[in-house]
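I have placed the structure first, in the form of C-alpha cells, so that the comments after it can refer back to it.
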Amino acid sequence: MWFADLLGFRTDHAPRIAAVAAGIAITICAAWLAGRKSAAAFWVVGILVATSGTILRTTSALTSDGIAFAWALMALCLAVSMSSSTQNSERTREPNAHTSVRQVLMLGILVGAAIGTKNLLVAPTVLITAYVIFRRFGARIVVAFGSVAVAFVLVWMVIWDFRKAYQQSIQ
C-alpha cells in the first residue's frame, strides 16, 4: 500500500493503484497459465478471470485479498516457467543451467510477499507452487525458496514493526 500511495502522489485515491495492479496481474497470470495449453483457453480464462465477481470484489476495494493472490499467482507462473524450461525432456531432479539462484530468490520473494500479505488466503496456491517445483527439482529447491520466503516475511515484519505486523496478519 505504501508503494502504491507513493506512486499515486499521496492523493486520496492513490492506494487503489495496488488493487487495480493486482487485478491486472491476476488476469495476465491466469491467462498465461491457460495459454500454455491453447490460444482459446488463453482468451476464455483471461475474460472469465477479468470479469469474475470475486476478482472485481477483491481488487476494487482496498483489501489485501487481491494483492496477496496476485503475488501467489505470479509465484506459480514463475514455478511453471522454471519447471518447463529444460534443456531436454528428461525429468531429472537436478537443477540445470536454466534454474538460477536468481529464479529461486525471486520465487522465494514472491511467495514471501504472498504469505506476508494474507497467509491463509494464499496457502493453496503456495502449496501448488511448491508441488510444481518439487516434482521437477526435488526438495532442495523447495527448501531453498521456502527459506527465502520465511526470511523475506521476517525482514518485512522487522522493518514495519513486528508487533503491528503480527497483529494485522495473525490476530
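The values are calculated or read from the model by the stated rules, or taken from the named source; none is laboratory data. What you are looking at is a predicted structure, and each value in this text was computed from that prediction instead of being measured. What goes into the accessible areas is simple: the full protein's heavy atoms, side chains included, and nothing from ligands, DNA or RNA. Shrake-Rupley method; radii C 1.70, N 1.55, O 1.52, S 1.80 Å.
Can you put Phe162, Phe145, Phe42 in order of accessible area, largest first, using a 1.4 Å probe?
Largest accessible area first, the list is Phe162, Phe42, Phe145.
I'd like the accessible area for Ile67: 1.4 Å probe, protein heavy atoms, all chains in place, Å² to the nearest 10.
We get 30 Å² for Ile67.
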